[in-house]
Amino acid sequence: MPQPDPPGPGAPVREGSRRRPELPPVVHRAGRDAPPNRRIRVGVDTGGTFTDVVAFDEDTGELAATKTPSTPADPADGFMDGIAKVLAALGVGPGAVTAVCHGTTVATNQLLEGRVGRLGFVTTEGFGAMLEIARQSVPDGYGNSWFWVKPPRIVPADLVRTVAGRLDHTGAELRPFDEAQARAAARFLRDREVTAVGVCFLHAYANPAHERRMREILGEEHPQAAVSLSSEVLREYREYERAMTTLVDAAVKPRVARYVASIAGRLQQLVPSAPPPFYVMKSNGGVVSAAEVVHQPISTVLSGPAAGALGAALVTRTAGFGRVLTLDGGGTSTDVSVVLDGEPALTTEGGVGAYPSKIPMVDVVTVGAGGGSVAFLSREGGLKVGPRSAGADPGPMCYGRGGTEPTVTDANLVLGRIPPHLLGGELPLDPAAATAGLEALGSKLGLEAARAAGGVLEIAAWNQANALRQVTVQRGLDVRDFVLCTFGGSGSLAICRLLELLGLPAAVVPRDPGNLSAFGLLTVDVRNDEVQTAVARNPDLDPAVVAATLAELEARAAASLDAEGFARTAHRYQRSADLRYFGQAFEVRVPVPDGPVDRDLTEATVAAFHDAHHRLYGYSFRDDPTQQVEWVNLRVTGIGPIPRPTLRPAPDRGAPQPPARAATRPACFDPLHGFVDTAIYRRDDLCPGDVVAGPAVVEEYGATVPLFPGFRAEVDRFGNLVVTPEGTRRGARVDREGSA
């Protein structure tokens, strides 16, 4: 982030610093006097353990960053505490806030924990077993079919109702909608206290009339239920994916609606006369107003992880790296993604936990490997770490809030890799409690506390490494061609071990990494995705039909941006299409060029498809006239641009000099070799060109970077730490294309 980092835990405040001992937020002045009527935009990222906040002055470029403990009982409490804290750091009142952008894990955590509640499903007569049939694919390939156990359905069979009525693939009605059956289904679900209902009728993507009538009847017979329609959630063919996406939307709708309404109410109380606009981060890398997000809450299932990936993409692109793996380590989970040429990869084949969600989203893989991940013994007696987390309350044992099981944070504390207090002394830790927990765990394995802690961290690192392989090796990418970018409160704790396990050339730790996801919220635009299935083989494609469909999608996207308050002159639109070779099961998305839709434009799109197919799979049928290309979906993304911060180079010390150690303490990087005296550095004291060699620990307000023996960290001109194995110099082969 483009601001100086705060002193490390317990460090004295330098003369001239705006940071006071009782006020942890770090503030950067852009060098201009603040105007009397300031305009402050705030990003708030709520995680499982901490709520991260960044504020941006739209006129001066000043930023402030802080963290505050999350409040699981009512996340809105932590949200408002963070806003008050960061505004105090800037010395402004709530009236200066022009907008609040929020990344939330409410939907994500609900799905990861499998808490979908009393969910009902209404579908076309004869298709009641759709969820049970699902797809024939087995995770990890058919070699796993002997061992794989099909997960429970998202809706039990007794809460599935069918209604007569049929449409064909063009949307033409073959049989009329049976309203009597629809009312019976609505009453059935009402009598069984179903709280949310997903409706998915066959071919509703082509004609939503039957689904809309079903919603009207549900409103009359069961008005308390939240209802989601597949024709509004996902206007694509493939009934199973559309049904699952709709049901996930229905499952999270009540909780997300309550949460967003609670935050909006608090913001209204903050500035009763003119509450600031409230935006929520979407999984597709954009934001949308809170008023709109309650209609499609599924769009937030990867809200927080998407913001982190976008923030990391901006930082690494500015630093000159083109091929980057991002790793966002929090208290509950770790999120990883791929950034190519400064842009995170997008997918429509993602999901959260056991639930697929076919919506546009930043391609993020989430694993239960965070600082709060619990270490325990399986029934077979093996050591396991996660996915269960101690969260923020009670938290790890060292928090002293009643935690009874050791976690990754406890293991790092026992080995001296993190200080005995976090957040600049705000959160004191209890090393004795952590040691007792690791001793109890180790006694069951015949290991002393340090060896047990080392085992916990090794398993956690392998969990993270496997997630990084999933987004690279399993998708045809060589993981060794990438530089790793780590952020989040716990994201950099295993940085050296991950470089060893994956053979990566280097890792980048941004400035103020603990708040990078909140910073990412300030770097994105409003984005709305529109899609329509329109299957046609390329030789038979009518450009006029394509033009009409794209125009309709653009009109829908424009209406959404109008509702967000953007003038038509500010609108931007991105067109794309999903294509495949005829007979293939799945598609490849490619951009559709700007300009009039004619045969030249469609052929250019097909050529882009051949190129993309070859990049992904190593072959194409460009020169084989017997292999026809088929168009499947047309898409338009409407974009409303928002001002964003600019990254500036970090202040230079001038004459080079060795960085000063803040302290030393015993730390263990290999339990077989025991504890060694380790230099402690404050991140705030490091300037561009400084080099820190391991064993060492670099500490700052929101994160810690342990450097193993044999590793070094160099500060680049933007203040990022670039970590490499000793003997590797960036000038040698860790080049600015991100490869070694």
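The values are calculated or read from the model by the stated rules, or taken from the named source; none is laboratory data. No experiment lies behind these values; they were computed from the predicted model shown. Ideal geometry is used to build each Cβ from the backbone, glycine not excepted, and the neighbour counts take in all protein chains shown. Remember, those area values only see protein heavy atoms, side chains included, never the ligands or the DNA or RNA. Shrake-Rupley method; radii C 1.70, N 1.55, O 1.52, S 1.80 Å.
In this calculation the C-beta distance from Ala180 to His295 is compared with R0 = 25 Å, giving a FRET efficiency of 0.30. Spatial offset of segment 186-217 relative to segment 286-361 amounts to 31 Å, using the alpha carbon center of each. Taking a ≥ b ≥ c as the square roots of the eigenvalues of the alpha carbon gyration tensor, segment 420-515 is oblate, as a/c is not under 1.5 and a/b does not beat b/c.
Of all complete DSSP H helices in the chain, those with a Cα span along the helix axis of 15 Å or greater and a mean Kyte-Doolittle hydropathy of 0.0 or more are 75-90, 303-319, 431-445, 449-470, 543-563. Mean sequence separation of contacting Cα pairs (under 8 Å, at least six apart), scaled by the length of the chain, corresponds to a relative contact order of 14 percent. Taking every lysine pair in the chain that is 8 or more places apart or spans two chains, those with Cα atoms closer than 20 Å amount to 6.
Among Phe147, Phe669, Phe121, Phe376, the sequence by solvent-accessible area, most first, with a 1.4 Å probe is Phe147, Phe376, Phe669, Phe121. Among 483-493, 227-237, 168-178, the peptide with the highest mean count of other Cβ atoms within 10 Å heads the list, and the full ranking is 483-493, 227-237, 168-178. Considering only alpha-carbon pairs that sit under 8 angstrom and 6 or more positions apart, the relative contact order computed for segment 167-312 is 18 percent. Dividing the summed helix terms, -39500 (n - 2.57) for each DSSP H run of n ≥ 4, by the number of residues in the chain produces a 222 nm estimate of -9000 deg cm²/dmol to the nearest 500. Per-residue surface analysis assigns Arg115 an accessible area of about 90 Å², computed on protein heavy atoms at 1.4 Å probe radius. Please work out the Cα center distance from segment 57-101 to segment 597-656, rounded to the nearest Å. Centre-to-centre (Cα) distance: 36 Å. Protection proxy ranking, highest mean first, for peptides 507-515, 367-375, 691-699: 507-515, 367-375, 691-699, where packing is the per-residue count of other beta-carbon atoms within 10 Å, averaged.
Remark on the chain: Rg and Dmax equal 26.3, 83 Å (Cα only). Between Tyr619 and Ala129, the modelled label-to-label distance comes to 3.5 nm, taking each label 7 Å out from Cα in the direction of the beta carbon. Sequence-ordered 3J(HN,Hα) estimates for segment 364-377 from the Karplus curve with 6.51, -1.76 and 1.60 and θ = phi - 60° stand at 10, 10, 10, 10, x, 9, x, x, x, 4, 7, 9, 7, 9 Hz, glycine and proline given as x. Of all DSSP-defined beta bridges confined to the chain, some 75% are antiparallel rather than parallel.
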